[in-house]
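Taking it in order: structure first as structure tokens, then the write-up.
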Amino acid sequence: MHWKGQTPQWRSVQPFGRAGEVKTALILSSTPEPKSFVAGMAATSQRVLAEEGYEVIHSDLNAVGWNPVASASDFPERNNDDYLVYALEQRAGVAKGTISPDILIELEKLMKCDLLVLNFPIYWFSVPAILKGWFDRVLVSGTCYGGTRFYDRGGLRGKRALVAATIGGQPHMFGRDAIHGPISEMLSPLLRGTLAYTGMDVLEPFMAWHVPYISQKAREKIMIQYAQCLRDINTRDCLKLPSLEAFDKALYPLPRA
Ligand SMILES: Cc1cc2nc3c(=O)[nH]c(=O)nc-3n(C[C@H](O)[C@H](O)[C@H](O)COP(=O)(O)O)c2cc1C
């Protein structure tokens with residue numbers, strides 16, 4: 001299915017990186033079943049991106065038992081012991097290197113990558129809680145965003161993100177007049193509110209539709225399409241968003257020239 005028919009909000013991007021430069025891909029995957037389609041997609045991400053010349057890093061959140069809960073225990077040394085302002089403690093904890101080591105390790109992988117690939121099953125129009133908890137804890141204030149450092153001024157500018165997810169629903173259920181509305185609206189908190197907000201170029205998502213209910217042959221066909229999507233990643237369109245240049249200091253829109 002073609003995304004452009006659903007919403008008019010995609011633009012093309014230039015191939016990134018200089019010729020001969022080795023790029024790094026971080027694959028962030030989440031599935032409670034190691035033999036699931038999502039696990040197969042993560043394996044395809046690893047294989048194809050390595051073939052395409054990327055240095056590949058894989059964080060398999062369920063396999064490592066990632067802790068998704070943002071809490072005071074993320075800060076063994078507190079800036080303010082009386083009252084926890086999570087974002088301020090993130091800033092201080094990263095600056096001093098005292099934030100929980102599991103966060104620091106993931107943050108280092110994130111800052112190193114040029115391309116972030118997310119493989120997960122859609123849960124409740126969104127991401128599984130374990131992946132949401134990765135965003136909450138790893139996309140730290142100060143480094144990834146802060147003040148008016150978002151969208152085209154975000155801390156993760158220059159990186160690209162691809163959402164490649166499995167979903168129970170079928171293509172005809174999503175779209176402007178479809179029962180669930182456009183999928184880009186369903187995924188807006190992820191595509192816009194998280195990935196684009198922190199400055200990344202957000203590529204058109206790849207959806208593996210209806211995978212629990214289709215034949216083995218149909219599943220294999222989707223996996224081949226996914227491999228091709230990864231090979232074509234340099235020419236995949238990305239989400240069109242406003243520039244902060246078009247807004248004043250209080251974020252009111254400036255009059256159009
Ligand atoms: C907790 C939970 C929530 C789900 N929410 C949705 C949903 O909002 N929309 C949808 O189409 N499918 C939903 N599903 C179906 C999953 O997306 C589907 O089973 C999954 O993508 C299959 O991938 P897998 O075979 O790799 O596990 C949900 C499944 C679970 C377990």
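For the chain, the pair-distance distribution built from all alpha carbon pairs, in bins 10 Å wide starting at 0, is 7, 29, 35, 22, 7, 1 percent.
If packing is taken as the mean number of other Cβ atoms within 10 Å per residue, what is the order of 247-254, 137-144, 148-155, 167-174, highest first? Could you put the intermediate results ahead of the total?
Working: 247-254: 8.9, 137-144: 21.2, 148-155: 17.9, 167-174: 15.6.
The packing order, highest mean first, is 137-144, 148-155, 167-174, 247-254.
For Glu108 and Thr148 in one chain, what is 0.36 nm times their gap in residues minus the Cα-Cα distance, to one decimal in nm?
On the way: separation 40, 0.36 × 40 = 14.40 nm, distance 2.31 nm.
Taking 0.36 nm per residue and subtracting the Cα distance, the gain is 12.1 nm.
Annotation for Ala227 and Ser100: the two label points, set 7 Å from Cα along the Cα-Cβ direction, are 3.8 nm apart.
For Asp248 and Gln170, calculate 0.36 nm times their separation in residues minus their Cα-Cα distance, and state this gained length in nm to one decimal.
Details: separation 78, 0.36 × 78 = 28.08 nm, distance 4.17 nm.
Value of the extension gain: 23.9 nm.
Full extension of the chain between Arg78 and Asp237 yields a length gain of 53.0 nm, computed as 0.36 nm times the residue separation minus the alpha carbon distance. Placing unit charges on the Cβ atoms only, positive for Lys and Arg and negative for Asp and Glu, gives segment 59-105 a dipole magnitude near 120 debye about its Cα centre.
What's the magnitude of the charge dipole for the chain around its Cα centre, counting Lys and Arg as +1 and Asp and Glu as -1 at the beta-carbon? Answer in Debye, nearest 20. Intermediate values should be presented prior to the final figure.
Working: 28 positive and 26 negative charges, 133 e Å.
Taking the Cα centre of the chain as origin, the dipole is about 640 debye.
Each of Arg157 and Ala257 was given a label point 7 Å from its Cα along the Cα-to-Cβ line. The distance between the two points is 1.8 nm. Counting lysine pairs in the chain whose alpha carbons fall under 12 angstrom apart, excluding pairs fewer than 8 residues apart on the same chain, gives 4. Among beta bridges identified by DSSP and lying wholly in segment 108-188, the antiparallel ones come to about 20 percent. Take each peptide in 54-61, 234-241, count the other Cβ atoms within 10 Å of every residue, and average; sorted highest first, the result is 54-61, 234-241. Dipole orientation for segment 106-201: of the candidates Trp124, Ala161, Ser184, Ala161 has the Cα lying most toward the positive pole (charges on Cβ; Lys, Arg +1; Asp, Glu -1).
Net charge around Arg256, counting only other residues with Cβ within less than 15 Å of its Cβ (Lys, Arg = +1; Asp, Glu = -1)?
Values: positive: none; negative: Glu245, Asp248.
Result for the neighbourhood of Arg256: -2.
Per residue, the convex hull around the alpha carbon atoms of segment 122-177 comes to 135 Å³. Counted over all Cα-Cα pairs of segment 29-125, pairs farther apart than 22 Å make up 44 percent.
Percent relative contact order of segment 189-253, based on C-alpha pairs within less than 8 angstrom and at least six residues apart?
Taking the mean separation of contacting Cα pairs over the length of segment 189-253, I get 36 percent.
Within the shell defined by Cβ-Cβ distances under 12 Å, the residues around Ile99 carry a net charge of -2, with Lys and Arg each +1 and Asp and Glu each -1.
Rule-based calculations on the coordinates, nothing more; no lab input. What you see is a predicted model; the values in this text were computed from it and never measured. Quick reminder, even Gly has a Cβ in these numbers, built from the backbone with ideal geometry, and neighbours come from all protein chains shown.
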